[in-house]
Amino acid sequence: MACIYNPSVTSISTKLNFTSLPNHKPKFFCSLGGAVAEPKTINATEPLLLNAARGKEVERPPVWLMRQAGSYQTLCEKHPSFRERSENVDLVVEISLQPWEVFKPDGVILFSDILTPLTGMNIPFDIVKGKGPIIFDPIRTAADVEKVQEFTPDESVPYVGEALTILRKEVNNEAAVLGFVGAPFTLASYVVEGGSSKHFSKIKRLAFSEPKVLHALLQKFATSMAKYIQYQADKGAQAVQIFDSWATELSPVDFEEFSLPYLKLIVDTVKRTHPDLPLILYASGSGGLIERLPMTGVDVVSLDWTVDMAEGRRRLGPNVAVQGNVDPGVLFGSKEFITDRIKDTVRKAGKGKHILNLGHGIVVGTPEENVAHFFEVAKGLRY
Ligand code: CP3
């Protein structure tokens with residue numbers, strides 16, 4: 001698809017207050033199915049999401065959603081194994097592109113899982129419908145940690161690199177292609193607990209009785225995930241999100257010991273080789289840790305909806321961009337309510353350095369027309 005950035009369109013909609021312009025002219029003119037569009041080709045412009053993440057001037061907040069997949073369920077019936085769906089280049093590309101084709105978000109996230117690298121680290125796992133992740137031989141002793149191998153992405157997950165390269169070509173800078181990894185503490189919580197957990201008692205027993213064993217495991221995940229981010233960037237990812245979903249199960253003092261140093265190690269390592277690659281940190285339920293999250297050195301912190309965006313923005317300080325944080329449940333509301341919440345969130349985040357998103361992924365059963373409305377309103381906003 002041939003597209004061109006049309007800078008003249010930007011100037012018509014510069015507003016001091018937010019104005020929803022659902023019928024605004026598209027910023028990109030694309031030729032669809034061979035029809036000739038004016039003006040002419042080439043898309044060398046940086047995606048909006050990258051500019052916002054880097055704190056550059058943007059006309060509106062970029063928008064994307066997690067689990068934004070459209071006709072995913074149909075594919076699940078045909079390919080019932082999650083590992084098959086996420087480890088086959090064609091399926092990964094197809095699933096990743098579904099939301100892109102339907103909603104044209106500003107970010108297209110790779111279809112994969114934070115657990116995907118585990119087999120390559122000698123930790124066999126599966127993701128079972130109705131049960132979630134299962135680790136066949138949970139890691140709980142020094143000898144278990146010893147058996148964990150450092151991750152070599154191009155040997156273990158070549159399909160991820162191939163899929164990213166294809167996605168980058170398909171999306172052609174009209175949106176940013178996003179890669180992602182799990183953070184060391186969150187990965188450790190799965191492999192120590194043996195799967196999802198409610199009380200995190202097994203990893204806490206390890207942390208609080210044999211911290212050296214857990215630190216050795218976290219170190220392996222940190223060096224491996226740094227390598228994995230570098231690999232994803234080399235293959236086409238233009239920004240990478242780090243999921244530390246369970247770090248917020250830690251009290252702040254334990255976050256400083258078991259999560260923060262490893263996040264920092266990942267960020268420092270990646271910034272040495274890829275200084276311009278925006279890194280986004282996601283931790284749900286992070287209200288008690290907000291001031292500590294920018295200490296990791298990431299470019300963007302993603303907040304969930306339990307934090308007021310204006311307060312979150314203030315508490316993060318001026319040096320990072322913010323992502324989020326509309327309640328995914330809002331998408332079950334009326335269209336008017338959805339519009340109001342989007343505007344409220346964008347106003348509270350302030351001009352620039354904001355990537356509009358939900359505070360977590362789309363919930364199963366969300367009406368697709370409401371997702372479409374979310375994107376339409378968001379893309380019509382102007383600062
Ligand atoms: O947005 C996207 O579509 C990108 C793909 C993506 C998946 N998982 C696919 C997936 C992403 C970014 C993830 C991240 C992920 N995986 C996280 C961090 C985000 C968060 O939610 O906090 C975590 C903790 C995991 C681990 C994981 N994977 C769990 C707990 C589950 C079970 C969830 C459930 O609803 O059963 C998975 C499975 C999984 N990974 C699904 C998807 C779309 C749902 C099950 C399926 O599709 O078969």
Inset, instruction - Counting only heavy atoms of the protein chains, get the accessible area per residue of the range 216-265 (1.4 Å probe) and round it to a whole Å² value. - result: 30
Legend entry - Acute angle (nearest 10 degrees) that the helix 368-380 long axis makes with the longest principal axis of the chain, alpha-carbon atoms: 60
Inset, instruction - Output ³J(HN,Hα) for the range 315-332: one whole-Hz value per residue in order, computed from phi by the Karplus curve 6.51 cos²θ - 1.76 cosθ + 1.60 with θ = phi - 60°, and x for Gly and Pro. - result: 6, 6, x, x, 8, 10, 8, 10, 10, x, 9, 5, 4, x, x, 4, 6, 8
Legend entry - nm² value of the averaged projected area, convex hull over the Cα atoms of the range 201-273: 5.1
Inset, instruction - Principal axes first, then extents: for the Cα atoms of the range 43-120, list largest minus smallest coordinate on each axis, whole Å, largest first. - result: 44, 30, 21
Inset, instruction - Run a plain Debye calculation on the range 123-216 (Cα atoms as equal point scatterers, no solvent) and give log10 I(q)/I(0) at q = 0.12 Å⁻¹, rounded to two decimals, same order as the q list. - result: -0.52
Legend entry - Dimensionless Rg ratio for the range 243-383, taking C-alpha atoms and the 2.2 N^0.38 Å reference: 1.09
Inset, instruction - Over every pair of different alpha-carbon atoms in the range 305-383, take the mean of 1/r and invert it; report that Kirkwood radius in Å. - result: 12.8
Inset, instruction - Using a 1.4 Å probe over the heavy atoms of the protein chains, calculate the carbon and sulfur portion of the accessible area of the range 34-168 as a whole percent. - result: 52
Legend entry - Nearest-0.05 FRET efficiency for LYS169 and GLU46, computed from C-beta distance (R0 22 Å): 0.85
Legend entry - Nitroxide proxy distance, nm - points 7 Å out along Cα→Cβ at LYS78 and GLU336: 4.1
Legend entry - Acute angle (nearest 10 degrees) that the helix 89-103 long axis makes with the longest principal axis of the chain, alpha-carbon atoms: 40
Legend entry - Percent of beta bridges antiparallel (DSSP, the range 228-383, rounded to nearest 5): 0
Inset, instruction - Specify the residue with the greatest mean-square fluctuation among SER286, SER251, SER302, computed from a Gaussian network of the chain linking alpha-carbon atoms under 10 Å apart. - result: SER251
Legend entry - More than 27 Å apart - percent of Cα-Cα pairs taken over the range 173-312: 19
Inset, instruction - Run the 1.4 Å probe and let me know the accessible area of MET225, rounded to the nearest 10 Å². - result: 0
Legend entry - Whole-Å semi-axes of the range 338-383's equivalent ellipsoid (Cα gyration tensor): 20, 12, 8
Legend entry - Dimensionless Rg/Rh of the chain - Kirkwood Rh, Rg from C-alpha atoms: 0.96
Legend entry - Evaluated at q = 0.25 Å⁻¹: base-10 log I(q)/I(0), Debye formula over Cα of the range 184-242: -0.95
Inset, instruction - At 1.4 Å probe size, with every protein chain present, just tell me what the per residue accessible area of the range 279-368 comes to in Å². - result: 38
Inset, instruction - For the range 252-322, report the convex hull volume of the alpha-carbon atoms normalised per residue, in Å³, without decimals. - result: 74
Inset, instruction - Quickly estimate the mean residue ellipticity at 222 nm for the chain, helices only: each DSSP H run with n ≥ 4 gives -39500 (n - 2.57), and the total goes over all residues, rounded to 500. - result: -13000 deg cm²/dmol
Legend entry - Average Cα contact separation per residue, the chain, under 8 Å, 6 or more apart, as relative contact order %: 21
Inset, instruction - Working from Cα positions, state the angle (0 to 90°, nearest 10) between the long axis of helix 335-349 and the longest principal axis of the chain. - result: 70
Legend entry - the chain - share of DSSP beta bridges that are antiparallel (%, nearest 5): 25
Legend entry - Centre separation in Å (Cα based) which lies between the range 299-332 and the range 50-86: 19
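The values are calculated or read from the model by the stated rules, or taken from the named source; none is laboratory data. Keep in mind it's a predicted model, so treat the numbers as computed, not measured. Every residue, glycine among them, receives a Cβ derived from its backbone with ideal geometry; neighbour counts consider all protein chains shown. Surface areas here come from the heavy atoms of the whole protein model, side chains and all, with no ligands, DNA or RNA. Shrake-Rupley method; radii C 1.70, N 1.55, O 1.52, S 1.80 Å.
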